[in-house]
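Working notes, beginning with the structure itself.
The values are calculated or read from the model by the stated rules, or taken from the named source; none is laboratory data. Just so we're clear, the structure is a prediction, and the values are computed from it rather than from any experiment. Every residue, glycine as well, gets a Cβ built from its backbone with ideal geometry; the counts of neighbours run over all protein chains shown.
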Amino acid sequence: MVKNPYLPIPMHILRTYYESTDRSLKTLELSFDDPENARAFFAAYNPGQFCVLSVFGKGECALGIANAAWEGDFVRFTAQKMGSVTQTLHEMKAGDPIGMRGPLGNGFPLEDWKHRNLVIIGGGCAFSTLYALTKHLFHPAVRNDYGELKVIYGTRNSGLCMYKQDIQSWHHRDDLEMHQAVDVPEEGWDHHVGYVPNVVKEVAPSPDNAVAIVCGPPIMTKFTLSALTGLGFAPEAIFTSLEKRMKCGIGKCGRCNIGPKYICKDGPVFSLAELNALPNDI
Amino acid sequence: MSQILPKKNLKQLLSNWAASYEIYAPQQLEKFAHFMPTNGSELLYIDEQHNTRFPPKALFLPQSETLMKYTRFGAAQETIPESKPRIVFGIRPCDAKAVDLLNLMFLTEKDSDPYYQARRKKTALIGIGCNIPCPSCFCTTVESGPFGRQGMDALLTDLEDIYLVRTLTQTGKTLFAEYPEATEAQEAEAKAVQQRSLKLIDPAFETKGLKAKLDSNFENALWQKFADSCLGCGICTFLCPTCFCFDIADEAQRKERVRNWDTCMFRTYSLEASQHNPRPTRRERTRQRVMHKFSYWLDHVNKIGCTGCGRCVRYCPVGLDIRAMLREFNQLEAEVANG
Amino acid sequence: MTDLESKLTAEIANLLDDKKVDVFIAFKKAESPLHPQPAFFTESNQLGDFVYNSLCQNNLAAFIPRYPLSARIGMVVRGCENRAVNHLVVEKQHARENIFMIGVPCEGLVDWHKLVNRFGEEMIAVDEAKDEIMISYRDRQIRAPRQELLHDSCLRCVHPNPLSADVTIGELKPEGDPTLARTEVAAFSALDNAARHAWFRKEAERCIRCYACREACPMCYCTECFVDHGVPRWTESTVSPAGMRAWHIVRAFHQAGRCVSCGACERACPMDIKMTYLTEKLNEDMRTKYQFECGMDDKTQPPFAAFNLDDKNRFEL
């Protein structure tokens, strides 16, 4: 009998908390009902991958994974209140049952990035998988495989910044250079002010032996990609993670393609070089 | 080497099979042909020279199928179909080939689809060739033909009072084990019928180099021209024997997770929760349909995702004809394009 | 080219050449003999493909809501299309002064369903004479009386003549018999509840949810149809009996007082589903209870959309 790829793994909600002061972003941490599923999950998991969460009676929605494997036997997601499934996710509480399919997609090509400097650039709620990536890199067994680490994270305002405590502490770490930005000036804000592409130009990371990873809303991504190109990053050294309406998550239901590539199965992470070869269908 | 099935014996044969198989064969629904269950006692609708309206892909990938049942405690119970072995009798070569193409999508090495697999594995396809092709048929253009055998366990040729049966697999041989061999004259007659039919189908468009032309004309104004007439309904894709896109939805009243056919021709297909739509107009949606079949299928499995059954041509309510569309692309200069 | 086609071509060419319209919506030849294709002519030199015959199945008024109100649109209209245009103007989907209608009294449309169900899909050409349809195969030709092949909506058409066209070409037809219009409704209404339900289920549950009926209907121009609404979902999207019944009932009710009886919904249906017995019943209710017939002018709001403080009718559901 083949494994049924549509059948969700039984999970329970461990805890939930709001990420943003406007309560539009909520984080859910899920635990596995069966430890065997946890083992299988973490054996396959690579930062940058996503899962399809299953709210029985409402449907499914795809969300990026927001934690590193070393954090523990749970899976973290941050959901923006948007469609009917995410609305229900926002109403769910610790102890509620939930289904999960994944990890799906390919995640970041971490092997290829070894011994290079990493520039991690995120905007808004799309920062979740980059958060997972950064946390992953913090692990002592991993960190030495990579060079310098720069993180640039922008949100519309400071209230919308996710994972606040952690990110606050990153400013004091000596193994990364943290840049935070808000779109418009705020009282008491002592980091960057401005849109992410402009902050990238301001910080001007060096393209030498470096890889840049960009996740954000489409308009931010678009301008950040050109800012990076302007700084001298080659298309092969710029990566982004794409989102589209997804259903199956395994390249069967058809809808998430850009040209011949399915975001779920062939992505969601693509290099700019790969994207440039695809038709304009985003 | 073929065998002979006298038409008068068909009912008996079907009722014999019915003891150990579920049988589906074209019968009359309203006034058109439709695959329905039979045990041999129903009147079949296979001597007509045209195909069923609704594609037999639905016997493998039903338009709506329950993937699982769930409870409010979150437990999900899969509902893989369990059935007797099945025979699809009277499937046309274009549709049998389409099932073969769907195998490439659903019986994959990774993430094979257990629902499709359960149905496909248990099903034998007994095909019937087309003595008189319709003017909308273009099977020969896309590597099939009115007597194509791909995907079938046996192929029948209609010779007035008898069917000439060509078994193609062990299953086919077993099913027709009791029937006598055809004479040389009968074989020759069948061959003549087949060749006559083949000659009646003109090449519809050039497939060589077509993918390159489509790829390099992604932004061509032709897409808008086709989309102008398009109503944006789902006929071309729902009746297509190879279109397989689906949606997954929870039907809360029944506590079932269901997969339904979906179509790139619908606005909602690619509409995101944020209300952003990467294919906002009929232009992008028409393009997706054609590109998927004649370009992306080739990227994925090196096959054209069309078997020339002609349903999209016959039933389009505004007479949009994929053959004419592709001919227009063929006439473009590949290198000039891209703008 | 028929005499009518040449007259129409000349008229359309003048409109385009004189820049009186920005686009002229009509039909052009398609490869399939049964479905001439809606075409959007902007220059008179494109009219070589123009065709106008009894196989032009669509109600072209369905394309009007795609255009901005300022677009000057020309159309060839039959009686039902003229009424559809009128009603779209009532619903403010276009400005009457920006539509130029060339009216053609209608002989009735030949129903492609009736053709293929009777003569098979092997037909290679279909031609028409006054009272006859000629069906050609590769090796033979058959003739059949036109009357037997007309679409049901056309058989019971009451107003075949364009009512408010800017120009009318051809001789006006006699008005249809209003009692004929009620034959199907009467047959349906005469049944008891169980039989009516069985009739409805038999038709509705054959549905494949392709929404061709919706897309072909000039009045179904909503940006978001109720079946496509995501939060909350109003109906099952599955081809379950409940989902299909919900679609057919609500679709019909959304047409109350808005249906011009053109039958474009049925002609678009790939599964030969009858739908007009529902809309015709509503039309009859509109006529008998409210003395309203949709599309007879371009000003009167349908009863269910009209509101006035002196309303004499009590609230009805």
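Can you tell me which residues in region B:19-68 are polar (S, T, N, Q), part of a loop (DSSP other than H, G, I, E, B) and over 18 Å from B:S136 (Cβ atoms)? Even if it seems obvious, please write down each step before you answer.
Step one: of region B:19-68, the residues polar (S, T, N, Q) are B:20, B:27-28, B:38-39, B:41, B:49, B:51-52, B:63-64, B:66.
Those left that are additionally part of a loop (DSSP other than H, G, I, E, B): B:20, B:39, B:41, B:49, B:51-52, B:63.
Matches in region B:19-68: B:S20, B:N39, B:S41, B:Q63.
Under the condition of being without any contact (Cβ under 8 Å) to a residue 40 or more places away in the chain and charged (D, E, K, R), which residue from region B:285-322 is surrounded by the fewest Cβ atoms within 10 Å (Cβ to Cβ)? Checking each candidate, the answer is B:D299. Being surrounded by 17 or more Cβ atoms within 10 Å (Cβ to Cβ), within 14 Å of the chain's Cα centre (by Cα) and away from chain B (no Cβ under 12 Å) is a condition met by at least one residue of region A:55-64.
Considering only residues in region A:112-127 that are in a strand (DSSP E or B) and over 13 Å from the mean Cα position of the chain (by Cα), the one that is surrounded by the fewest Cβ atoms within 10 Å (Cβ to Cβ) turns out to be A:N117. Exactly one residue out of B:A227, B:A249, B:A212 is of a type in the set (A, V, I, L, M, F, W, C) and either assigned to a strand (DSSP E or B) or surrounded by 20 or more Cβ atoms within 10 Å (Cβ to Cβ) (or both), and it is B:A249.
Does C:C207 satisfy the condition of being within 14 Å of chain B (Cβ to nearest Cβ), under 25 Å from C:T279 (Cα atoms) and in contact (Cβ under 8 Å) with a residue 40 or more places away in the chain? So C:C207 passes the test. With respect to (1) farther than 25 Å from B:Y296 by Cα; (2) surrounded by fewer than 18 Cβ atoms within 10 Å (Cβ to Cβ); (3) under 24 Å from the mean Cα position of the chain (by Cα), the lone exception for B:P203 is condition (1).
For (1) hydrophobic (A, V, I, L, M, F, W, C); (2) touching a Ser or Thr at 6+ places or on another chain (Cβ under 7 Å); (3) assigned by TED's automatic domain parsing to the domain that holds C:R78; (4) modelled with pLDDT of 95 or more, each residue gets a yes or a no:
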position: C:C213; (1), (2), (3), (4): yes, no, yes, yes
position: C:D228; (1), (2), (3), (4): no, yes, yes, no
position: C:V231; (1), (2), (3), (4): yes, yes, yes, no
position: C:E236; (1), (2), (3), (4): no, no, yes, no
position: C:A256; (1), (2), (3), (4): yes, no, yes, no
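Close contacts from region B:33-51, counting a first residue that is at negative phi and a second that is assigned to a loop (DSSP other than H, G, I, E, B) and of a type in the set (A, V, I, L, M), with Cβ to Cβ under 6 Å and a gap of 6+ residues or different chains, come to B:Q49/B:I132. Look at C:D127 and say whether it is touching a helix residue (DSSP H, G or I) at 6+ places or on another chain (Cβ under 8 Å), away from every other protein chain (no Cβ under 14 Å) and modelled with pLDDT under 95. No; evaluated as a whole, the condition is false for this residue. If you scan region B:260-270, which residues turn out to be at the interface with chain A (Cβ under 8 Å from one of its Cβ atoms) and under 19 Å from B:A98 (Cβ atoms)? Passing the criteria: B:D262, B:C264. Against the test of being of a type in the set (A, V, I, L, M, F, W, C) and more than 17 Å from the chain's Cα centre (by Cα), the options C:L34, C:L88, C:L115, C:L55 yield a single qualifying residue, C:L115. Among the numbered criteria (1) hydroxyl-bearing (S, T, Y); (2) closer than 14 Å to A:R101 by Cα; (3) loosely packed, with under 14 Cβ neighbours inside 10 Å, which one does A:S31 miss? (3) is the only condition that A:S31 fails. In region C:13-48, the residue that is farthest from the other protein chains (Cβ to nearest Cβ) out of those that are free of Cβ contacts under 8 Å to residues at least 12 places away in the same chain, crowded, with 20+ Cβ neighbours inside 10 Å and assigned to a loop (DSSP other than H, G, I, E, B) is C:S32.
Within region B:65-91, restricting attention to residues that are more than 10 Å from chain A (Cβ to nearest Cβ) and surrounded by fewer than 12 Cβ atoms within 10 Å (Cβ to Cβ), the residue that is modelled with the lowest pLDDT is B:S83.
Give the residues of region C:268-282 that are touching a residue at least 40 places away in the same chain (Cβ under 8 Å), in contact with a Cys (Cβ under 9 Å, 6 or more places away or on another chain) and in a helix (DSSP H, G or I), sorted by residue number. Passing the criteria: C:A268, C:T276, C:E280.
All conditions in (1) within 25 Å of C:H113 (Cβ to Cβ); (2) surrounded by 21 or more Cβ atoms within 10 Å (Cβ to Cβ); (3) within 7 Å of another protein chain (Cβ to nearest Cβ) hold for B:G232, with the sole exception of (2). Restricted to region B:271-339, the set of helices (runs of 4 or more DSSP H) holding at least 2 residues that are facing another protein chain (nearest Cβ under 9 Å) and farther than 21 Å from C:E215 by Cα comprises B:297-301, B:322-331.
Here is the figure for region C:185-222: residues that are of a type outside the set (A, V, I, L, M, F, W, C), under 19 Å from C:S237 (Cα atoms) and not in a helix (DSSP H, G or I) total 4. Which of the residues belonging to region B:124-157 are farther than 22 Å from B:C306 by Cβ and either within 16 Å of the chain's Cα centre (by Cα) or more than 14 Å from chain C (Cβ to nearest Cβ) (or both)? Matches in region B:124-157: B:A124, B:I126, B:D153, B:A154, B:L156, B:T157. Can you tell me which residues in region C:210-258 are basic (K, R) and buried (at least 22 other Cβ atoms within 10 Å of the Cβ)? Matches in region C:210-258: C:R214, C:R251, C:R258. All of (1) more than 12 Å from chain B (Cβ to nearest Cβ); (2) not in a loop (DSSP other than H, G, I, E, B) hold for A:P109 with one exception: (2). Just so you know, in region A:18-54 the residues that are in contact with a Lys or Arg (Cβ under 9 Å, 6 or more places away or on another chain) and more than 27 Å from A:V269 (Cβ to Cβ) include one that is farthest from the other protein chains (Cβ to nearest Cβ), and it is A:Y18.
Of all residues in region B:235-254 being more than 27 Å from B:L101 (Cβ to Cβ) and at the interface with another protein chain (Cβ under 7 Å from one of its Cβ atoms), which is modelled with the lowest pLDDT?
Among those that are more than 27 Å from B:L101 (Cβ to Cβ) and at the interface with another protein chain (Cβ under 7 Å from one of its Cβ atoms), it is B:A252.
Going through (1) out of contact with any helix residue (DSSP H, G or I) (no Cβ under 9 Å at 6 or more places or on another chain); (2) more than 24 Å from B:R119 (Cα to Cα) one by one, B:H34 falls short only on (2). When A:V193 is tested against the conditions (1) more than 26 Å from A:L110 (Cβ to Cβ); (2) in contact with a Lys or Arg (Cβ under 8 Å, 6 or more places away or on another chain), the lone failure is (2).
When C:C106, C:C154 are screened for being within 27 Å of B:H34 (Cβ to Cβ), in the same structural domain as C:V21 (by TED's automatic domain parsing), out of contact with any Asp or Glu (no Cβ under 7 Å at 6 or more places or on another chain) and touching a residue at least 12 places away in the same chain (Cβ under 8 Å), only C:C154 passes.
Within region A:242-272, being of a type in the set (G, A, S) and modelled with pLDDT of 95 or more holds for one residue alone: A:S271.
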